[in-house]
Amino acid sequence: MRIVNILLFNLNWFACVIGGAAWGSMGLIALLAYSAYVGSWRKDIRLALSLAVCGWILDSLWIYFGVLDYGSAYAPVWIVMLWVGLAFTLNHSMSPFISKPFIGGLAAAIAAPLTYLSGAALGAVNVLSTTGILLISLTWCVLFFGIFRYLQLHKEKSASLENGKNPYAY
């Protein structure tokens, strides 16, 4: 099922980058349907809302600091939809990184510049600063290490509760 999740995310990525919010909304509906089908929509929605806010703030900061140019003063809706779509992969196609958050952070650091540069090649964004792309990479490394570490701790706590153990006892 992980392959279905990553395929849906990639379709969502292309839909958002090429078709904006209108096409991206169809991709998000597909990812939400997948999430509902596998029974994880509640936790996926919480991650999606968190990453929507985080992504909007980060991409708006990149605009403010002259790293990226979307042709607007703030991050456009379609880029926020990409962040939401990304959230729908964390417990699925990217779930192996939950047990290895450091590797997940490194993978994000590599993926970040590739993602933005690919979007630029398709005309969706202008990358104005090579140094800024490195800062985005570092930011993604720290952010996704934190996300995967949080998910790891949450998974361990849930496992302890299921086994009848107090996760707060020493």
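The values are calculated or read from the model by the stated rules, or taken from the named source; none is laboratory data. As the structure is a computational prediction, the values presented were derived from the model and not from experiment. Cβ placement follows ideal geometry from the backbone for every residue including glycine, while neighbour counts extend to all protein chains displayed. For the accessible areas, the whole protein counts, side chains as well, though only heavy atoms, and no ligand, DNA or RNA atoms are used. Shrake-Rupley method; radii C 1.70, N 1.55, O 1.52, S 1.80 Å.
Of 136, 147, all but one fail to be in contact (Cβ under 8 Å) with a residue 40 or more places away in the chain, in contact with a strand residue (DSSP E or B) (Cβ under 9 Å, 6 or more places away or on another chain) and in a helix (DSSP H, G or I); the exception is 136.
Can you name every residue in region 34-43 that is part of a loop (DSSP other than H, G, I, E, B) and either open to solvent by less than 50 Å² (accessible area, probe 1.4 Å) or aromatic (Phe, Trp, Tyr) (or both)? So that I can check it myself, show each step before the final result.
Applying the first criterion (part of a loop (DSSP other than H, G, I, E, B)) to region 34-43 yields 39-40.
Correct list: 40 only.
When region 44-90 is filtered for residues that are touching a helix residue (DSSP H, G or I) at 6+ places or on another chain (Cβ under 6 Å), open to solvent by 30 Å² or more (accessible area, probe 1.4 Å) and outside any helix (DSSP H, G or I), only 74 remains.
Looking across region 117-128 at every residue that is in contact (Cβ under 8 Å) with a residue 60 or more places away in the chain and touching a helix residue (DSSP H, G or I) at 6+ places or on another chain (Cβ under 8 Å), the one that is most open to solvent (accessible area, probe 1.4 Å) is identified as 122. For region 94-116, the criterion of being under 20 Å from residue 150 (Cα atoms) and either in contact (Cβ under 8 Å) with a residue 60 or more places away in the chain or of a type in the set (Lys, Arg) (or both) is satisfied by at least one residue.
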